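Notes to accompany the following structure.
Derivation of every value follows stated rules applied to the coordinates shown; laboratory data play no part. Since we're looking at a predicted model, the values are computed, not measured. Quick reminder, even Gly has a Cβ in these numbers, built from the backbone with ideal geometry, and neighbours come from all protein chains shown.
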């Protein structure tokens, strides 16, 4: 009898063990993760790259966090500015690297032109991003004192003065009056110069 019971008990199938599900990407805001993201930004990594790493939120989640958490947004903006300095340091490091050399089919050692092009691309992309992040420090300087020749396109701006606040309307009126007075002075000085030239001739 006991043998019968034991055989019945042993034939009861065991419940299959539930498979351990992998932990998903974090979606709830975490200050620790936000700080980690900013540290990686400062080190030169892009947000796209960071969000592909394990334990990091999806890119859309990171943008949502930036939108919903002003402290994270402020920290992130500072990190992006600091990233420009990191990229500038990387440019110097890349430029100082010893170029890779190859032996051509004639047995002559020469610098690998493919390596040079690849390095130029790496340097140029960092220069571009650094200039966009910190234009005053890393952007191209434009000389505004150069003479302009050729056709100049003038863009017109239309303002609805009624939609402006009273203080803004007063400031606009004052700026326009000062501009007109300055133009009148410039025109008068040109006319006087021409008159003096004609009289002396």
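Scan segment 55-89 for residues that are surrounded by fewer than 17 Cβ atoms within 10 Å (Cβ to Cβ) and either more than 16 Å from the chain's Cα centre (by Cα) or outside any helix (DSSP H, G or I) (or both) and jot them down.
55, 58, 60, 64, 67, 68, 69, 70, 71, 89 - these are the residues of segment 55-89 that are surrounded by fewer than 17 Cβ atoms within 10 Å (Cβ to Cβ) and either more than 16 Å from the chain's Cα centre (by Cα) or outside any helix (DSSP H, G or I) (or both).
Residues to consider are 37, 50, 41; find the one that is outside any loop (DSSP other than H, G, I, E, B), crowded, with 18+ Cβ neighbours inside 10 Å and within 13 Å of the chain's Cα centre (by Cα).
Of 37, 50, 41, the one residue that is outside any loop (DSSP other than H, G, I, E, B), crowded, with 18+ Cβ neighbours inside 10 Å and within 13 Å of the chain's Cα centre (by Cα) is 41.
Under 29 Å from residue 133 (Cα atoms), touching a residue at least 40 places away in the same chain (Cβ under 8 Å) and in contact with a helix residue (DSSP H, G or I) (Cβ under 8 Å, 6 or more places away or on another chain): is that true of residue 80 in this structure?
Spelling it out, residue 80 is indeed under 29 Å from residue 133 (Cα atoms), touching a residue at least 40 places away in the same chain (Cβ under 8 Å) and in contact with a helix residue (DSSP H, G or I) (Cβ under 8 Å, 6 or more places away or on another chain).
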